[in-house]
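Reading through the structure tokens given below for one structure.
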């Protein structure tokens, strides 16, 4: 036991708590959602344990309670393990609880990503500690900002009280996902296809939704909405797929949606209520990126429902016409959790540029197949294929000869690759070494040597397989770029849109993900070639028509556009506007 | 054969950043010349508004036939303000006793509503889509008002207003100008929409002038493309702007946790300083996004008028942006109608997205040496935007206007004196 002098503020720990994890009680959905005891519905979540400083400030997340609208910086909230399970009666008034709530939920999402990917995962900015501002400003928005290394949670008055986005589990998980995905796949914010423009929002909604559906408290409460409470058995006839969707999921979405007009609630509700229709994806309405993400969410939710229902059927009836309530809840929680692993792990199997929903589907199928080759028990992959097909999306992988299952990425084929000039050990982590491999094999791998090419990341990963052994993989990501004038496009085999001026200067992007197996051999090469006309032509046509060839969108703008279903016009650049302003200018 | 105007004179006054056009239709006797004033407002740059009002009064001989207020932005209607009483610019224009005042349908006071009023926010009481939409527009004015006030407190040491402050203040409501516009006409004001009669049809006073209204589209028309698809979405949008109005009013004036300890500005811990500076900038930039969005909503309520006189076509689109234009441009026959436009008032002071590519490229009289397309642009650089994407006027557009048409630009006036007079 460490002794500590009174008043020694440098000292943090008195007795180090050596448990690897700890439990926090957080808002399960949103403060407006009440449990059967009429109190705010809460959930207990397990997150990595650490020695916190007041704030809380930890090794990956720090809360700085600064309100920009009112220019108030509150002192950091005290941290004490004994408070972790405390939930105040009056949520609105307890600033320390707000801080604990955002801290714990962000850490849970981070830990979930790390578990699924089998490695440490960084934020999208340089540095390690993401700043959370739980009362950042008065506004109907919450967003992640890479430049500010932070998530800002707005609050706003409604009907005499304040709505705090920092108390919405779904909003917190959504924003944390942005911060992580932007680090893993930074090019997804660049203009490309409607699919890619919609991916970030859709994916963040999927992670947020599956995160809450993997909480027992939430599923139990959602079932309560639909069935008689506190019974150990539920009538099986009340659990048709339709009833699970319309009774349980809609009820859940309704509650989230009502509470969060300004943020994602509305979009989330719309996703859940969408009925499958393979033609939707081609309609004007769903070609708009603001709505297209809903299709992605709906496809994954369709799979969730199908698997959940399949599991309920497998449990069988305990008494005539009745099934076990615990079993029904377990089925949902385990399904959500496994799907969460699949969708996160799929990021590693996606091409780094110009993502299409079909690519994401193939990535999910391959990611799961690698660890669970046998899909027969619960049919996850089958349900995903069906869920996507019901909205008109086919796997991006062409069906290779002799593939084990439809929709999986194929192996690199019969190409002869040169491994002798690179070292096995360095290939696991060193971008220069992987680049050498890429360059030596550029012809075999179809990498265009005219482009600027760089290795963005090399990640060694450990994943636990169904046979109990570790699946050891290395994921390396490269991107390519060529800057040219429009009249030179034909040199890449790309068609120039007819009314595009010849002298227009533009960039063409490409790249790939290389997955190496445990012996360092290339297992998958998931790519978008620079000169792939089938992909590049429609992309260029679309961007030219939209007038959107340059510039990344901020998450703040993405959210606003989604609520109002309207493009946010390019705003004047405020940072340059205020060069002589002490507040902004002093920042860098 | 009915009488025809012998010529048309267009006066473009230099109002700095804003619009003010006086159209004069000349007739042989016994008919008298008729004058239509399109917009009179400013929001930046130097402008002698009183001098301009006096010149308008003189040029029209104390009598206007009509006043058009294309939309409610300050840079189009501030000159109609009566603040300052009898000598105000608004009073001078009102004294010219226009027969009629034309405005977009969105200004119709009968349908106006307040987004934060309880009945609109209660979902059980369904308000009409139109009411919800108009309530949203009013809430946008209120949001802008609050932002403008707050941004004024953030001025830099030099004290010059930021882009945010300027943009916000252009979007605040102009109650006395609005009231003046409502009451100055001999007839009650006319509220226009795509395809409606212009209200300028008058065989006795203004013969030989055909006016087509090309915008703004009605809700039914435009929602096919953008704003909302069903009542639920109108409601959500109205709720959003209503809440945003409440939020904006609170910014800078609330303290969530008055009893909680906080740091003074000079005692902030080291690790928070980089962040708090960034947070302030992020907040402003986020606010600017919201204000830019509502600004473009209001621009898209602009009246678009096409005058046809003596075989010549004059196009006055206010500040209409792509969403407003796209309805008209997709209607049968409209592109043909616009092919041979002779004079184009450059939309929205030369911003990038107010002169859609498909509109500009279809003007058949571009690039002619004889009988070339005339363009008139009222603008002032340096008021809005600095980057290539956001600058008003946009460099690429100005280049195209200069090289492909006969451009008159208020920025080219020596010592800022005007008006620029173009005759057809």
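Conditions: (1) at pLDDT 85 or above; (2) closer than 19 Å to residue B:130 by Cα; (3) surrounded by fewer than 15 Cβ atoms within 10 Å (Cβ to Cβ). Residue B:220 meets all but one. Number of the miss?
The single condition residue B:220 does not satisfy is (1).
Could you check the stretch A:246-281 and list, in sequence order, the residues that are away from chain B (no Cβ under 14 Å), modelled with pLDDT of 90 or more and assigned to a helix (DSSP H, G or I)?
Passing the criteria: only A:281.
With the condition kept exactly as written, say whether any residue in the stretch A:480-488 is in contact with a helix residue (DSSP H, G or I) (Cβ under 8 Å, 6 or more places away or on another chain) and within 27 Å of residue A:186 (Cα to Cα).
Scanning the stretch A:480-488 turns up at least one residue that is in contact with a helix residue (DSSP H, G or I) (Cβ under 8 Å, 6 or more places away or on another chain) and within 27 Å of residue A:186 (Cα to Cα).
Among the residues of the stretch A:394-404, are any at pLDDT below 90, over 24 Å from residue A:509 (Cβ atoms) and in contact with a helix residue (DSSP H, G or I) (Cβ under 9 Å, 6 or more places away or on another chain)?
Yes, the stretch A:394-404 has at least one match.
Out of the stretch A:21-32, which residues are out of contact with any strand residue (DSSP E or B) (no Cβ under 7 Å at 6 or more places or on another chain) and either within 14 Å of chain B (Cβ to nearest Cβ) or surrounded by fewer than 22 Cβ atoms within 10 Å (Cβ to Cβ) (or both)?
A:32
List the residue pairs whose Cβ atoms are under 9 Å apart, where the first residue sits in the stretch B:151-174 and is more than 28 Å from residue B:71 (Cα to Cα), the second is at pLDDT 85 or above, and the two are 6 or more positions apart or on different chains.
B:154/B:164; B:154/B:165; B:154/B:280; B:154/B:284; B:155/B:165
If only one of B:308, B:233, B:245 is closer than 30 Å to residue B:190 by Cβ and surrounded by 19 or more Cβ atoms within 10 Å (Cβ to Cβ), which one is it?
The conditions single out B:245.
For the stretch B:182-193, check the following and say yes or no: at least one residue is in contact (Cβ under 8 Å) with a residue 60 or more places away in the chain, closer than 24 Å to residue B:349 by Cβ, in contact with a helix residue (DSSP H, G or I) (Cβ under 8 Å, 6 or more places away or on another chain) and more than 14 Å from chain A (Cβ to nearest Cβ).
Within the stretch B:182-193, one or more residues are in contact (Cβ under 8 Å) with a residue 60 or more places away in the chain, closer than 24 Å to residue B:349 by Cβ, in contact with a helix residue (DSSP H, G or I) (Cβ under 8 Å, 6 or more places away or on another chain) and more than 14 Å from chain A (Cβ to nearest Cβ).
Just for helices (runs of 4 or more DSSP H) wholly inside the stretch A:324-417: which have at least 1 residues that are touching a strand residue (DSSP E or B) at 6+ places or on another chain (Cβ under 9 Å) and surrounded by 23 or more Cβ atoms within 10 Å (Cβ to Cβ)?
A:325-346, A:357-371
Write out, first by first residue and then by second, each pair whose Cβ atoms fall under 6 Å of each other, whose residues are 6+ apart or on separate chains, and whose first residue, in the stretch B:244-255, is within 7 Å of chain A (Cβ to nearest Cβ) while the second is part of a helix (DSSP H, G or I) and buried (at least 17 other Cβ atoms within 10 Å of the Cβ).
B:244/B:143; B:251/B:150; B:252/B:150
Of all the residues that make up the stretch B:17-42, how many are surrounded by fewer than 22 Cβ atoms within 10 Å (Cβ to Cβ), in contact with a helix residue (DSSP H, G or I) (Cβ under 9 Å, 6 or more places away or on another chain) and assigned to a loop (DSSP other than H, G, I, E, B)?
0
Would a scan of the stretch A:193-206 turn up a residue that is outside any helix (DSSP H, G or I) and more than 18 Å from residue A:300 (Cα to Cα)?
Checking the stretch A:193-206: at least one residue is outside any helix (DSSP H, G or I) and more than 18 Å from residue A:300 (Cα to Cα).
Considering the stretch B:92-118 alone, what residues qualify as being under 18 Å from the mean Cα position of the chain (by Cα) and modelled with pLDDT of 90 or more?
Within the stretch B:92-118, B:101, B:102, B:103, B:104 qualify.
Might you check whether a residue that is surrounded by 22 or more Cβ atoms within 10 Å (Cβ to Cβ), more than 14 Å from chain B (Cβ to nearest Cβ) and not in a helix (DSSP H, G or I) occurs anywhere in the stretch A:154-173?
Yes, the stretch A:154-173 contains at least one residue that is surrounded by 22 or more Cβ atoms within 10 Å (Cβ to Cβ), more than 14 Å from chain B (Cβ to nearest Cβ) and not in a helix (DSSP H, G or I).
Are there any pairs with C-beta distances below 9 angstrom linking a residue in the stretch A:318-346 that is in contact (Cβ under 8 Å) with a residue 40 or more places away in the chain to a residue that is part of a strand (DSSP E or B) and crowded, with 19+ Cβ neighbours inside 10 Å, with the two at least 6 apart or on different chains, and if so which?
Pairs found: A:322/A:234; A:323/A:234; A:324/A:234; A:325/A:234; A:328/A:234; A:345/A:463.
Determine which single condition residue A:177 fails, assuming it passes every other condition in (1) touching a helix residue (DSSP H, G or I) at 6+ places or on another chain (Cβ under 6 Å); (2) over 22 Å from residue A:291 (Cα atoms); (3) part of a helix (DSSP H, G or I).
The number of the failed condition is (2).
Collect the residues in the stretch B:363-389 that are within 21 Å of residue B:71 (Cα to Cα) and not in a strand (DSSP E or B), keeping them in residue-number order.
Within the stretch B:363-389, B:378, B:379, B:380, B:383 meet the criteria.
So residue B:393 fits all but one of (1) surrounded by 15 or more Cβ atoms within 10 Å (Cβ to Cβ); (2) more than 22 Å from the chain's Cα centre (by Cα); what number is the exception?
So residue B:393 meets the others, but not (2).
Which pairs turn up if I take residues in the stretch B:265-281 that are facing chain A (nearest Cβ under 7 Å) and over 13 Å from residue A:71 (Cβ atoms) and look for partners that are loosely packed, with under 15 Cβ neighbours inside 10 Å and at pLDDT below 95 with beta carbon separation below 8 Å, at least 6 apart in sequence or on another chain?
Between residues of the stretch B:265-281 that are facing chain A (nearest Cβ under 7 Å) and over 13 Å from residue A:71 (Cβ atoms) and residues that are loosely packed, with under 15 Cβ neighbours inside 10 Å and at pLDDT below 95, the close pairs are B:278/A:147.
Mind listing whichever residues of the stretch B:43-91 are under 17 Å from the mean Cα position of the chain (by Cα) and either closer than 16 Å to residue B:25 by Cα or not in a helix (DSSP H, G or I) (or both)?
Selection gives B:43, B:44, B:45, B:67, B:68, B:69, B:70, B:71, B:72, B:73, B:81.
The values are calculated or read from the model by the stated rules, or taken from the named source; none is laboratory data. The shown structure was predicted, so the numbers you read here are calculated from the model rather than taken from an experiment. Heads up, the Cβs are rebuilt from the backbone with ideal geometry, glycines too, and the neighbour counts pull from every protein chain shown.
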